[in-house]
1. Let me spell it out: the conditions are (1) buried (at least 17 other Cβ atoms within 10 Å of the Cβ); (2) farther than 16 Å from VAL83 by Cβ; (3) out of contact with any helix residue (DSSP H, G or I) (no Cβ under 6 Å at 6 or more places or on another chain), and SER198 meets all of them except one. Which number is the exception?
2. Anything in region 172-222 that is in a strand (DSSP E or B) and more than 25 Å from GLN158 (Cβ to Cβ)? List them, or say none.
3. Within the group SER94, SER73, SER121, which residue is in contact (Cβ under 8 Å) with a residue 24 or more places away in the chain and either aliphatic (A, V, I, L, M) or out of contact with any Lys or Arg (no Cβ under 9 Å at 6 or more places or on another chain) (or both)?
4. If we keep just the residues of region 137-156 that are assigned to a loop (DSSP other than H, G, I, E, B) and farther than 24 Å from PRO219 by Cα, which is least open to solvent (accessible area, probe 1.4 Å)?
5. Starting from region 145-165, take each residue that is free of Cβ contacts under 8 Å to residues at least 12 places away in the same chain and list its partners that are outside any helix (DSSP H, G or I) and open to solvent by 40 Å² or more (accessible area, probe 1.4 Å), counting only C-beta distances under 7 angstrom and pairs at least six apart or across chains.
6. Could you run through region 157-171 and say how many residues are open to solvent by less than 40 Å² (accessible area, probe 1.4 Å) and assigned to a helix (DSSP H, G or I)?
7. Could you please let me know if ASP115 is at pLDDT 55 or above, touching a helix residue (DSSP H, G or I) at 6+ places or on another chain (Cβ under 8 Å) and more than 23 Å from ALA191 (Cα to Cα)?
Amino acid sequence: MGRHDGRHRARQQPEPAQSVTSTGTHRAAGRRRGVAAWPIACVVLAGLLVAGWFGWNWADGVLESRAVAEVESCQAGDTTVRVAVDPALVDPVSTAADRWNREGTVVREHCVHVDVQAVPSAEVEAVLSGTADPADIGGYPTAWLPDSAERIDALAQQHPELIGSSGLTIASGPDGEHRYLAVAGPDTRDAQQHAAQSFQKFLLRPAQQQAFRAAGLTPANG
């Protein structure tokens, strides 16, 4: 009987009470843990304003640094590129030179000024071949844009030492192709040579090519 009563009492021991969760209490706790949205929005907005202020000042500083660098990049001084151009081509080349000079182009630490002179091709050819005085055309040219490519070909055969560049075609007209030549003259400095070649590339840009089209010529780029 003692053993039976012990087993009976063990079976009748109360089960552990289950936890009761109050829905209302849980919602209240959730509301207490939540954070209002408007303080976060204010913090984000303030951060954006600060970032924008720093970004604006950074961009302004970059532009100012570039401007100062452009001014300081002319450490080697000024140089002039004299371009002798056949009178039939002088208008578009002069337009390009004006744009080049306004931009203040720098080549190898030199501020380069392009001076365009309208000179008949036969007179330039005589100077380059040594049969005429450079003073007759205002001085020895740094570059030449004649009325026909044949003049450059003839110069390359007779005086190859004067060929400073390959002579790219800038435009075409009734007389054929008009090729630009950077002249390797006896007194031409290295910086002038590079500047003359840079101006050749400048003439091939769309804006300059459009000026040749307006002059009744066919641009090299079509």
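1. (2)
2. Our first condition is that a residue be in a strand (DSSP E or B); within region 172-222, this holds for 172-173, 176-179, 181-183, 218-219.
Within region 172-222, THR218, PRO219 qualify.
3. Values: SER94 fails: in contact (Cβ under 8 Å) with a residue 24 or more places away in the chain; SER121 fails: either aliphatic (A, V, I, L, M) or out of contact with any Lys or Arg (no Cβ under 9 Å at 6 or more places or on another chain) (or both).
Answer to the check: SER73.
4. In the first step, residues of region 137-156 are kept if they are assigned to a loop (DSSP other than H, G, I, E, B); the result is 138-142, 146-148.
Remaining after also requiring farther than 24 Å from PRO219 by Cα: 138-140.
Details: GLY138: 53, GLY139: 18, TYR140: 65 Å².
Top of the filtered list is GLY139.
5. ALA156/ILE163
6. 1
7. In short, no.
The values are calculated or read from the model by the stated rules, or taken from the named source; none is laboratory data. Model, not experiment: these values are computed from the prediction. Every residue, glycine as well, gets a Cβ built from its backbone with ideal geometry; the counts of neighbours run over all protein chains shown. For accessibility, only protein heavy atoms count, side chains too; no ligands or nucleic acids. Shrake-Rupley method; radii C 1.70, N 1.55, O 1.52, S 1.80 Å.
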